[in-house]
Ligand SMILES: Cc1cc2nc3c(=O)[nH]c(=O)nc-3n(C[C@H](O)[C@H](O)[C@H](O)COP(=O)(O)OP(=O)(O)OC[C@H]3O[C@@H](n4cnc5c(N)ncnc54)[C@H](O)[C@@H]3O)c2cc1C
């Protein structure tokens, strides 16, 4: 028979949500197991300065913040394994998970697998991420006071981010690969009526120009009609081409919205399956911040604790 390692609580994901859940559950002596996934520490590990996480008046580097959260959860007895959940059977308890050929079971499951910002996949994009290139306007807009910024995308989030960024930037240019926007007409109008926002149509991004030392200097663009290339000068570039919640393995088992974000009940982290909870960006398409992810991680830990206590009471 295949060996299955059992834990009372398993947490899928090691971002701000998962590690906060782990901190609370380990301090309650529940010895949670965190399955870290392909990105230990989560999205904040791909950014540089974080200035909006309370408690760090000088700011803190994203990877350092996550390292501290990891150490804090570990200190109270959280166990970690590296690997990705490939399969989940939530149809009965204990819940069963397969992590790259290894099998795990748990009485309560917390899903904190986050959402992945869609990127273009260019080498220069990852090289300059946090050095002028960003995927989060709320997080990084403040760094671009009186600078020229480009926003890449043509949907509602691109319009919203561009409008928000005009609070800081001297000029915002929306770069879109088509001649028409996908955004709703009200969002388009708001952006088009903003005197600080300009548009560049029919442009594909070939390269982000600059180095981590110089920061972003510009974006090499290729016209989709004429094929002409030129460098558009700017100091900031925000990718606003959407997010994908990491929920594929739960399809058909847990209730999700049309984009695949997990649905939770009322002011709780409960999913449609008792004993399964969701925290962080995986269930939040609106706020998507480290502090809100950590906050819901705390809620999930307490919801899971109460659930386990109730189960124990019923068995007596
Ligand atoms: C470039 C950038 C800069 C940002 N800057 C800021 C900022 O300055 N301030 C701020 O508040 N927010 C910032 N954010 C947003 C912030 O990073 C997120 O809101 C936060 O990380 C969400 O935390 P989370 O734990 O919900 O998910 P994530 O951080 O996305 O973590 C998800 C975790 O789940 C794991 N995982 C995924 N799938 C599986 C699976 N199948 N099996 C096992 N594990 C899995 C991953 O490996 C990862 O560890 C930024 C985001 C980006 C992309």
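Does the stretch 9-19 contain at least one residue that is assigned by TED's automatic domain parsing to the domain that holds residue 279, in contact with a helix residue (DSSP H, G or I) (Cβ under 8 Å, 6 or more places away or on another chain), closer than 22 Å to residue 104 by Cα and more than 14 Å from the ligand (Cβ to nearest atom)? Outline the logic, then answer.
Of the stretch 9-19, the ones assigned by TED's automatic domain parsing to the domain that holds residue 279 are 9-19.
Next, only the ones that are in contact with a helix residue (DSSP H, G or I) (Cβ under 8 Å, 6 or more places away or on another chain) stay: 9, 11-19.
Cutting the leftovers down to closer than 22 Å to residue 104 by Cα gives us 9, 11-15, 17-19.
Filter once more, keeping what is more than 14 Å from the ligand (Cβ to nearest atom): 9.
Checked the stretch 9-19: at least one residue is assigned by TED's automatic domain parsing to the domain that holds residue 279, in contact with a helix residue (DSSP H, G or I) (Cβ under 8 Å, 6 or more places away or on another chain), closer than 22 Å to residue 104 by Cα and more than 14 Å from the ligand (Cβ to nearest atom).
Just to be sure I understand, how many residues within the stretch 90-102 are within 14 Å of the ligand (Cβ to nearest atom), surrounded by fewer than 16 Cβ atoms within 10 Å (Cβ to Cβ) and either assigned to a strand (DSSP E or B) or touching a residue at least 40 places away in the same chain (Cβ under 8 Å) (or both)?
The qualifying residues number 1.
Could you please give the count of residues in the stretch 272-282 that are touching a residue at least 60 places away in the same chain (Cβ under 8 Å) and either outside the structural domain of residue 309 (by TED's automatic domain parsing) or out of contact with any helix residue (DSSP H, G or I) (no Cβ under 8 Å at 6 or more places or on another chain) (or both)?
Going through the stretch 272-282, the residues touching a residue at least 60 places away in the same chain (Cβ under 8 Å) turn out to be 273, 275-282.
From the residues that got through so far, the ones that are either outside the structural domain of residue 309 (by TED's automatic domain parsing) or out of contact with any helix residue (DSSP H, G or I) (no Cβ under 8 Å at 6 or more places or on another chain) (or both) too are 273, 276.
Here the count works out to 2.
Among the residues of the stretch 218-265, count how many are part of a loop (DSSP other than H, G, I, E, B), over 18 Å from residue 86 (Cα atoms), assigned by TED's automatic domain parsing to the domain that holds residue 88 and more than 15 Å from the chain's Cα centre (by Cα).
6
Taking the stretch 144-187 only, how many residues are surrounded by 17 or more Cβ atoms within 10 Å (Cβ to Cβ) and assigned to a helix (DSSP H, G or I)?
Number satisfying all stated conditions: 11.
Go through the stretch 59-75 and give me each residue that's more than 21 Å from residue 126 (Cβ to Cβ) and either within 9 Å of the ligand (Cβ to nearest atom) or part of a loop (DSSP other than H, G, I, E, B) (or both).
Answer for the stretch 59-75, where residues must be more than 21 Å from residue 126 (Cβ to Cβ) and either within 9 Å of the ligand (Cβ to nearest atom) or part of a loop (DSSP other than H, G, I, E, B) (or both): just 59.
In this structure, does residue 78 turn out to be touching a residue at least 12 places away in the same chain (Cβ under 8 Å) and away from the ligand (no atom under 13 Å from the Cβ)? Don't jump to the end; show me each part of the working.
Working: touching a residue at least 12 places away in the same chain (Cβ under 8 Å): yes; away from the ligand (no atom under 13 Å from the Cβ): yes.
It is true that residue 78 is touching a residue at least 12 places away in the same chain (Cβ under 8 Å) and away from the ligand (no atom under 13 Å from the Cβ).
Residues 252, 218, 260: which one is within 16 Å of the ligand (Cβ to nearest atom) and over 25 Å from residue 22 (Cβ atoms)?
Values: 218 fails: within 16 Å of the ligand (Cβ to nearest atom); 260 fails: over 25 Å from residue 22 (Cβ atoms).
On inspection, the qualifying residue turns out to be 252.
Across the stretch 23-58, which residue is nearest to the ligand (Cβ to nearest atom) among those that are over 23 Å from residue 105 (Cα atoms) and part of a strand (DSSP E or B)?
Per the stated criteria, the residue is 50.
Just to check your reading of the model, which residue among 285, 292, 268 is outside the structural domain of residue 177 (by TED's automatic domain parsing), within 12 Å of the ligand (Cβ to nearest atom), modelled with pLDDT of 95 or more and not in a strand (DSSP E or B)?
Exactly one residue qualifies, and that residue is 292.
Is there a residue in the stretch 296-307 that is more than 16 Å from the ligand (Cβ to nearest atom) and within 30 Å of residue 161 (Cα to Cα)?
So the first thing to find is which residues in the stretch 296-307 are more than 16 Å from the ligand (Cβ to nearest atom), and the list is 302, 305-307.
Next, only the ones that are within 30 Å of residue 161 (Cα to Cα) stay: none.
No, that holds for no residue.
The values are calculated or read from the model by the stated rules, or taken from the named source; none is laboratory data. Keep in mind the model is a prediction, meaning the values are calculated, not measured. Cβ atoms come from the backbone with ideal geometry, glycine included; neighbour counts cover every protein chain shown.
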